[in-house]
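Trainee: Below is the structure I would like to discuss, written out as structure tokens.
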């Protein structure tokens, strides 16, 4: 089997999570500057067998698209152009940031470490991936 990769896309940085080859365990992989994301993914796809990429879909409570959706659509167009054969799917990411903060608190991380936005993005990507795996 191949891995599934999840992205918590952000304008500045993007959190990335990945499954094991059996698609059982979701783990945080990295947080990369969004300007370097396509290069990072190209390198990763060369090294690892990935069959599907999930991209968080931020929505408002009334189910309308959030403000960041325009930037995500721009990224998706570039992604499809660069990786035309890669399967791509969107996953509702409402509340993932709040859940990530709760996870950090529950795991006993000190306040200074919880302020690390890159860790928050990586945990959010992991939650997106878990929600897909366990639906």
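Trainee: Among the residues that make up the stretch 128-135, is at least one of them farther than 12 Å from residue 9 by Cα, in contact with a strand residue (DSSP E or B) (Cβ under 7 Å, 6 or more places away or on another chain), surrounded by fewer than 16 Cβ atoms within 10 Å (Cβ to Cβ) and at pLDDT 90 or above? Steps first, answer last, please.
Mentor: Of all residues in the stretch 128-135, those farther than 12 Å from residue 9 by Cα come to 129-135.
So of that shortlist, the ones also in contact with a strand residue (DSSP E or B) (Cβ under 7 Å, 6 or more places away or on another chain) come out as 129-133.
Checking the rest, the ones that are also surrounded by fewer than 16 Cβ atoms within 10 Å (Cβ to Cβ) come to 133.
Next, from what is left, pick out any that are at pLDDT 90 or above: 133.
Yes, there is a match, as at least one residue in the stretch 128-135 is farther than 12 Å from residue 9 by Cα, in contact with a strand residue (DSSP E or B) (Cβ under 7 Å, 6 or more places away or on another chain), surrounded by fewer than 16 Cβ atoms within 10 Å (Cβ to Cβ) and at pLDDT 90 or above.
Trainee: Another question, then. Can you find even one residue in the stretch 33-43 that is assigned to a strand (DSSP E or B) and within 20 Å of residue 93 (Cβ to Cβ)?
Mentor: So in the stretch 33-43, the residues assigned to a strand (DSSP E or B) come out as 33.
Retained after the next criterion (residues that are within 20 Å of residue 93 (Cβ to Cβ)): 33.
Yes, the stretch 33-43 contains at least one residue that is assigned to a strand (DSSP E or B) and within 20 Å of residue 93 (Cβ to Cβ).
Trainee: Still on this model: Could you give every pair whose Cβ atoms fall below 6 Å, whose first residue belongs to the stretch 41-54 and is closer than 14 Å to residue 125 by Cβ, and whose second residue is modelled with pLDDT under 95 and in a strand (DSSP E or B), counting only separations of at least 6 or pairs across chains?
Mentor: Qualifying pairs under 6 Å: 54/91.
Trainee: As an exercise: evaluate residue 81 against (1) at pLDDT 95 or above; (2) surrounded by fewer than 16 Cβ atoms within 10 Å (Cβ to Cβ); (3) in contact with a strand residue (DSSP E or B) (Cβ under 9 Å, 6 or more places away or on another chain); (4) over 16 Å from residue 9 (Cα atoms) and give the number of the one condition it does not meet.
Mentor: Failing condition for residue 81: (3).
Trainee: Condition (residue is assigned to a helix (DSSP H, G or I), touching a strand residue (DSSP E or B) at 6+ places or on another chain (Cβ under 9 Å) and modelled with pLDDT of 85 or more) applied to the stretch 87-110: is it met by at least one residue? Outline the logic, then answer.
Mentor: In the first step, residues of the stretch 87-110 are kept if they are assigned to a helix (DSSP H, G or I); the result is 96-106.
Then keep just the ones that are touching a strand residue (DSSP E or B) at 6+ places or on another chain (Cβ under 9 Å); that gives 96-97, 100.
Of the ones still in play, those that are also modelled with pLDDT of 85 or more are none.
Within the stretch 87-110, not a single residue is assigned to a helix (DSSP H, G or I), touching a strand residue (DSSP E or B) at 6+ places or on another chain (Cβ under 9 Å) and modelled with pLDDT of 85 or more.
Trainee: Can you find, within the stretch 67-78, the residue that is modelled with the lowest pLDDT among those that are out of contact with any helix residue (DSSP H, G or I) (no Cβ under 9 Å at 6 or more places or on another chain) and surrounded by 13 or more Cβ atoms within 10 Å (Cβ to Cβ)? Give the derivation first.
Mentor: Let us first name the residues in the stretch 67-78 that are out of contact with any helix residue (DSSP H, G or I) (no Cβ under 9 Å at 6 or more places or on another chain), namely 67-70, 72-74, 76-77.
Now narrow it down to the ones that are surrounded by 13 or more Cβ atoms within 10 Å (Cβ to Cβ): 68-69, 72, 76.
Details: 68: 79, 69: 85, 72: 92, 76: 97.
Restricting to residues being out of contact with any helix residue (DSSP H, G or I) (no Cβ under 9 Å at 6 or more places or on another chain) and surrounded by 13 or more Cβ atoms within 10 Å (Cβ to Cβ), the top hit is 68.
Trainee: Report yes if residue 116 is modelled with pLDDT under 65 and surrounded by 13 or more Cβ atoms within 10 Å (Cβ to Cβ), otherwise no.
Mentor: Numbers: modelled with pLDDT under 65: yes; surrounded by 13 or more Cβ atoms within 10 Å (Cβ to Cβ): yes.
Against the criterion (modelled with pLDDT under 65 and surrounded by 13 or more Cβ atoms within 10 Å (Cβ to Cβ)), residue 116 qualifies.
Trainee: Please specify each residue of the stretch 2-25 satisfying the condition of being outside any loop (DSSP other than H, G, I, E, B) and either within 11 Å of the chain's Cα centre (by Cα) or exposed (fewer than 14 other Cβ atoms within 10 Å of the Cβ) (or both). Give the steps one after another, and end with the answer.
Mentor: Filtering the stretch 2-25 for residues outside any loop (DSSP other than H, G, I, E, B) gives 3-8, 13-19.
Scanning the stretch 2-25 gives 4, 5, 6, 7, 8, 13, 14, 15, 16, 17, 18.
Trainee: To continue, here is another question. Check off (1) under 14 Å from residue 128 (Cβ atoms); (2) modelled with pLDDT of 95 or more for residue 23 and give me the number that stays unchecked.
Mentor: Just one mismatch for residue 23, condition (1).
Trainee: Hey, residue 28 hits all of (1) surrounded by 12 or more Cβ atoms within 10 Å (Cβ to Cβ); (2) at pLDDT 90 or above; (3) assigned to a helix (DSSP H, G or I) but one; which does it fall short on?
Mentor: (3)
The values are calculated or read from the model by the stated rules, or taken from the named source; none is laboratory data. This is a predicted model, so every value here is computed, not measured. Virtual Cβ from ideal backbone geometry, glycine too; neighbours counted across all protein chains shown.
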